[in-house]
Amino acid sequence: MKLIAGNSNRPLAEAISSYLNVPLTQASLKRFSDMEVFVEIMENVRGEDCFFIQSTSFPANDHLMELLIAIDALKRGSARRITAVIPYFGYARQDRKTGSRTPISAKLVANLITAAGADRVLTMELHAGQIQGFFDIPVDNLVAGPVFVPQILDEFDGEEICIVSPDVGGVVRARAMAKRLNASLAIIDKRREKAGVSEVMHVIGEVKGKVCILVDDIVDSGGTLCNAAVALKENGAKDVYSYVVHGVLSGGAVSKIEASPMKKIVITNTIAATESVSSSDSVEQLSVAPLIGEAMRRINEERSISALFK
Ligand code: R5P
């Protein structure tokens, strides 16, 4: 088993390496002077089961290109099997044609990863489950439940909690979480008037006097969650927290969250924390390294991954 880390999230790759007790393979991933990606794997990978760890997070284009070129390097180095470990799969939000002349970027990226030579993909909480079907190679899509649920049970012991989906698209995810926690469910009926701007309309469900926990896959600008938190407080929620898998947190998202009625947002480390994330008292990061590491071990040993979630 060989682990190779891209540049997108070195701390996560190191944590996975230490969980598995397998050192990271020496590799040089740098730039030519014109910023083209240069990759060289410094150790023999012939016949090895190789895992390249790379989130396609900001700067997404650079990290995606690095992923593709590294897969090509491993393929040409005669790796036996190449698993693209993509803790955060970017370019997932255009996953269907929503209008005339719009792309399906997620499908294009799936084609690129497959064409580069990946044999399988290991990822986490895809924006939409059907993205698995955009690949003609096996895709394991881990869920964050095993990381979030124990923390929620511990932190809100004795409270009446309500799991809230911040939009209709996230209902399946929120319902699964509510079921695991034996909690009630509410939904925010959100209307987005134009791209990048979100607007809260109605809260569907009873939230009065309850601790409301917003659950989502991505927090980017923070607009969706902050607007939802305002709506929940206006509807009588006792407190509002958020549990979100991928902390994209671009621009002034952290400041926006700090200024919102949300008490805290809990994210995972699928995306490396920026300085503003690490220094904020309103943002807590939980590690998915043991979960991803265990899934990698099971892929290597040809054992069940679904058993991890039972
Ligand atoms: C939308 O479908 C996603 O699940 C997230 O709710 C959205 O991407 C969050 O974006 P933002 O934080 O910019 O409102």
Open item on the list: Given the criteria in contact (Cβ under 8 Å) with a residue 12 or more places away in the chain, surrounded by fewer than 16 Cβ atoms within 10 Å (Cβ to Cβ) and touching a helix residue (DSSP H, G or I) at 6+ places or on another chain (Cβ under 9 Å), does Glu40 qualify?
Closed with: yes
Task: Test result for Ile257, closer than 21 Å to Leu142 by Cα and within 22 Å of the chain's Cα centre (by Cα) - done: no
Open item on the list: Residue pairs, Cβ under 6 Å, 6 or more apart or interchain, first in the range 233-261 and closer than 14 Å to Ser282 by Cα, second near the ligand (Cβ under 9 Å from one of its atoms) and assigned to a loop (DSSP other than H, G, I, E, B). List them.
Closed with: Ala253/Ser221; Ala253/Gly222; Lys256/Gly222; Ile257/Gly222
Task: Enumeration of residues in the range 133-159 that are more than 16 Å from the ligand (Cβ to nearest atom), small (Gly, Ala, Ser) and within 16 Å of Asp217 (Cβ to Cβ) - done: Gly145
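Those residues that are aromatic (Phe, Trp, Tyr) and free of Cβ contacts under 8 Å to residues at least 60 places away in the same chain, I need them from the range 1-20; list them, please. Reasoning before the result, please.
The initial filter retains those residues of the range 1-20 that are aromatic (Phe, Trp, Tyr), namely 19.
Scanning the range 1-20 gives no hits.
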TODO: Report, by residue number, each residue of the range 160-179 that is among the acidic types (Asp, Glu) and within 9 Å of the ligand (Cβ to nearest atom).
DONE: Asp167
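Got a sec? Which of Ile137, Ile152 is hydrophobic (A, V, I, L, M, F, W, C), touching a Lys or Arg at 6+ places or on another chain (Cβ under 8 Å) and over 24 Å from Ser250 (Cα atoms)? Don't jump to the end; show me each part of the working.
Values: Ile152 fails: touching a Lys or Arg at 6+ places or on another chain (Cβ under 8 Å).
Answer to the check: Ile137.
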Open item on the list: I'm trying to understand the selection: among the residues of the range 209-241, which are touching a Cys at 6+ places or on another chain (Cβ under 9 Å) and crowded, with 19+ Cβ neighbours inside 10 Å?
Closed with: Lys210, Val211, Cys212, Ile213, Ala228, Ala229, Leu232, Ala237, Val240, Tyr241
TODO: State all residues of the range 112-164 that are on the phi > 0 side of the Ramachandran plot and either crowded, with 16+ Cβ neighbours inside 10 Å or in the same structural domain as Arg76 (by TED's automatic domain parsing) (or both); if no residue qualifies, say none.
DONE: Gly117, Glu125
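Quick grid of which residues meet (1) of a type in the set (S, T, N, Q); (2) more than 16 Å from the ligand (Cβ to nearest atom):
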residue: Leu67; (1), (2): no, yes
residue: Ala70; (1), (2): no, yes
residue: Leu74; (1), (2): no, yes
residue: Gly90; (1), (2): no, no
residue: Asp95; (1), (2): no, no
residue: Thr114; (1), (2): yes, yes
residue: Gly117; (1), (2): no, yes
residue: His127; (1), (2): no, no
residue: Ile131; (1), (2): no, no
Open item on the list: What are the pairs with Cβ atoms under 7 angstrom where one residue, in the range 89-105, is at positive phi and the other, located anywhere, is in a loop (DSSP other than H, G, I, E, B) and buried (at least 18 other Cβ atoms within 10 Å of the Cβ)? Sequence gap at least six, or different chains.
Closed with: Tyr91/Thr56
- [ ] Identify, by number, the condition in (1) in contact with a Cys (Cβ under 9 Å, 6 or more places away or on another chain); (2) buried (at least 24 other Cβ atoms within 10 Å of the Cβ) that Arg81 doesn't meet.
- [x] (2)
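The values are calculated or read from the model by the stated rules, or taken from the named source; none is laboratory data. What you see is a predicted model, and the numbers here were worked out from it, not measured in a lab. In this analysis, Cβ positions are derived from the backbone assuming ideal geometry, glycine residues included, and neighbour counts consider all displayed protein chains.
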